[in-house]
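Here is the structure we will look at, set down as structure tokens.
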């Protein structure tokens, strides 16, 4: 029983990665005072998934992710206005 549960959980984790990849856009570079952040943005309705895939060493991952989420929100606003 436990073994079946682990197999199902493992399959769900693998499939969730595949599903997420289908929403990806081309990476976007954002210039900041600390340097360039490369963001992996997703479709406009998936802004909460936006994340930094490259950042300056002087910047924390959390700070870089916030910049990317902000960039995604900016694109969402333009998308809705458009």
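Before moving on, here are some points about what is shown:
- Residue within the stretch 10-30 that is at pLDDT 95 or above, loosely packed, with under 14 Cβ neighbours inside 10 Å and not in a loop (DSSP other than H, G, I, E, B) present: yes
- Residue that is farthest from residue 25 (Cα to Cα) [pool: residues in the stretch 38-73 that are loosely packed, with under 13 Cβ neighbours inside 10 Å and at pLDDT below 95]: 48
The values are calculated or read from the model by the stated rules, or taken from the named source; none is laboratory data. On a predicted model such as this, the values are computed, not experimentally measured, just so you know. Cβ: placed from backbone, ideal geometry, glycine included. Neighbour counts: every protein chain shown.
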